[in-house]
Amino acid sequence: MDAAFAAIPIEDISESIQNNIVVILQGLEKKIAINRQLNQNLEAVIADVMDYKFLSNAETLPKRFIGDIASIKAGGDCPQEWSKYKTKDCQIPIYSNGTDNEGLYGYTKEPTILKRGITVAARGTIGYCTMRNGGYVPIIRLLAVTPNDIGGDVYLHQIFNRIKFRNDGSIQQQLTVPSLASIEIPYPNASTLKAFANITYPLIEKIKQNKIQIEELTKQRDELLPLLMNGQVSVNSDLSAY
């Protein structure tokens, strides 16, 4: 039996079923790992395009303040109506400053940020940033950055990944809207950014689909073990689907 599953308490069922459980779980884990590696590779490609297209000659680009090229809003309190898990009524993601599960806190009914952009952690792991699709709610001072230009979300995400944010605040160390808005960066024109978007948006969509599949496979893995343990489903060790 694989050492990764040695702690699973399945000594009360037959060895053959134990082995089949391990094989199925290994198949799910393998696919999850493959998808994560694919996403790392895709993210590396986007970073390489950014370096080649912009940062290799950044000195030729005009300088702009982030506050002039994007809207920046700090998240407030958690909505009164929300759920830890997605429900029929609560479908809109809530994001906080955490890094676990990319800051996903729960779900609510109505979004406060409608357009795609980036969130930047203002507390805790200051500067941790993630690209977001439109339609979400930032909370607990999480900074929601919505660029004015198509492709600006990818560009700023890459820039933020390269900035070494310093901690501000005498009592609670945090990144604020004014401090982020006042950062000056090299920034290309709208047509160049749109061309950048044409290259990178398909890659980002593939990353998104891989993440969805990872979530589905993780759910299958977490649901499968107790069902197998209780004998509620039959065991099939054919992993051709994976």
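The figures follow:
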read-out: Any hit, the range 76-83, residues being in a loop (DSSP other than H, G, I, E, B) and under 19 Å from the mean Cα position of the chain (by Cα); value: no
read-out: Some residue of the range 164-177 being of a type outside the set (Asp, Glu), modelled with pLDDT under 90, part of a loop (DSSP other than H, G, I, E, B) and surrounded by 14 or more Cβ atoms within 10 Å (Cβ to Cβ); value: yes
read-out: Qualifying residue in the range 51-60 (condition: farther than 26 Å from Glu205 by Cα and surrounded by 18 or more Cβ atoms within 10 Å (Cβ to Cβ)); value: no
read-out: From Thr200, Thr146, residue being over 19 Å from Ile113 (Cβ atoms), open to solvent by less than 40 Å² (accessible area, probe 1.4 Å) and modelled with pLDDT of 95 or more; value: Thr200
read-out: Residue satisfying condition, being open to solvent by 90 Å² or more (accessible area, probe 1.4 Å), assigned to a loop (DSSP other than H, G, I, E, B) and in contact with a strand residue (DSSP E or B) (Cβ under 6 Å, 6 or more places away or on another chain), within set Lys86, Lys73; value: Lys86
read-out: Cross-chain or 6+ apart pairs with Cβ under 6 Å, the range 58-74 first and farther than 13 Å from Ile183 by Cα, then in a helix (DSSP H, G or I); value: Ala74/Val177
read-out: Those residues of the range 90-108 which are surrounded by 17 or more Cβ atoms within 10 Å (Cβ to Cβ) and of a type outside the set (Val, Ile, Thr), in sequence order; value: Cys90, Pro93, Tyr95, Ser96, Asn97, Gly98, Gly103, Tyr105, Gly106, Tyr107
read-out: Filtered residues of the range 103-132 (kept if outside any loop (DSSP other than H, G, I, E, B), under 24 Å from Gly151 (Cβ atoms) and either among the β-branched types (Val, Ile, Thr) or touching an Asp or Glu at 6+ places or on another chain (Cβ under 9 Å) (or both)); value: Ile113, Gly117, Ile118, Thr119, Val120, Thr130, Met131, Arg132
read-out: Failed condition for Ile214, given (1) modelled with pLDDT under 95; (2) open to solvent by 30 Å² or more (accessible area, probe 1.4 Å); (3) assigned to a helix (DSSP H, G or I); (4) not hydroxyl-bearing (Ser, Thr, Tyr); value: (2)
read-out: Gly75 vs. criteria small (Gly, Ala, Ser) and at positive phi; value: no
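One line per residue, one yes/no per condition, for (1) more than 30 Å from Val22 (Cβ to Cβ); (2) out of contact with any Lys or Arg (no Cβ under 8 Å at 6 or more places or on another chain):
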{"position": "Pro186", "(1), (2)": "yes, no"}
{"position": "Lys194", "(1), (2)": "yes, yes"}
{"position": "Leu203", "(1), (2)": "yes, yes"}
{"position": "Lys208", "(1), (2)": "yes, yes"}
{"position": "Leu217", "(1), (2)": "no, no"}
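The values are calculated or read from the model by the stated rules, or taken from the named source; none is laboratory data. Just so it is clear, the model here is predicted, and its values are computed rather than measured. Here Cβ is always computed from backbone atoms with ideal geometry, including for glycine, and neighbour counts include all displayed protein chains. The protein model used for the area step is the full one, side chains on, heavy atoms only, and it has no ligands, DNA or RNA in it. Shrake-Rupley method; radii C 1.70, N 1.55, O 1.52, S 1.80 Å.
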